[in-house]
Amino acid sequence: MALSDSELVEQIHSENSRKAFDELISRYQLRVMRICHGFVLHNADAEDLTQDVFIEVFRSIDRFRGDSQFSTWLYRIAVNKSLNFLKKKKREKVFQSIEGFFFKGDKEESLQLSDEGQFAADRGIKTSENKKILKGAINSLPENQRTAFILAKYQDLSYKEIAEVMDLSISSVESLLFRAKGKLQNRLLSSIEKK
């Protein structure tokens, strides 16, 4: 019979059990990766963030008091790591654009297109354009709406679980999701109309 999350956490606390920690990783690794991917929309970054999340869990599991479910605590760490990653990326982009402004001549890039394989590339354009539009629409949401939307869409969490992860009331989560869906619909419709 499989041990519960709280029993595994207790084994980690009392016995410093690597086996119990490995069991928690195998239970939650894909779920954490889906949350991270929902924010960063890039597989390699989501994998790196997932590793960072479990490193953080390993370092701070002694601070988990059991006031909430282990999964709630874990998802909160995943959300925070993902948001911090995005903030860092945003700062890096600002720095690169400033650097590009001052050092334009040194870093000129040229784009070369070959005729070979052009038709194969054209087939994927529509799909990649739609993915870009969706990614842009999700990233344009305010942080709290984006977080609620990702937890609902990519993790299939209930409103109650999202409320626990985000430390909000259920009605606040409902409101965030309603506004997020409305903004996404408007953004996607305006993108379609521009085509």
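For the pair Glu129 and Lys160, what calculated FRET efficiency results from E = 1/(1 + (r/R0)^6), where r is the Cβ-Cβ distance and R0 = 35 Å, to the nearest 0.05?
With a Förster radius of 35 Å, E is 0.45.
For region 124-195, calculate the relative contact order in percent as a whole number, restricting contacts to Cα pairs under 8 Å that are 6 or more residues apart.
35 percent
Give a residue-ordered list of calculated ³J(HN,Hα) values for region 152-160 (Karplus: 6.51 cos²θ - 1.76 cosθ + 1.60, θ = phi - 60°; whole Hz; x for Gly, Pro).
So the J values, rounded to whole Hz, are 6, 7, 8, 10, 6, 6, 6, 4, 4.
Please give the net charge around Ala180, taking every other residue with its beta carbon less than 13 angstrom from that of Ala180, where Lys and Arg add +1 and Asp and Glu add -1.
So the environment of Ala180 carries a net charge of +4.
Would you mind calculating the gained length between Gln185 and His13 on full extension (0.36 nm times residue separation, minus the Cα-Cα distance), in nm to one decimal?
Gain on stretching Gln185 to His13: 57.3 nm.
Once both labels are modelled 7 Å past Cα along the beta-carbon direction, what's the Leu41-Lys87 spacing in nm?
Rounded to a tenth, the inter-label distance reads 2.1 nm.
For region 124-195, take the alpha-carbon Rg, divide it by the Kirkwood Rh, and send me Rg/Rh.
Across region 124-195, the Cα-based Rg/Rh ratio is 1.05.
Read the figures in this text as sums done on the coordinates, not as results from a lab. Only a predicted model underlies this, so the values are computations on that prediction, with no experimental measurement involved. We place every Cβ from the backbone using ideal geometry, glycine too, and count neighbours over all the protein chains shown.
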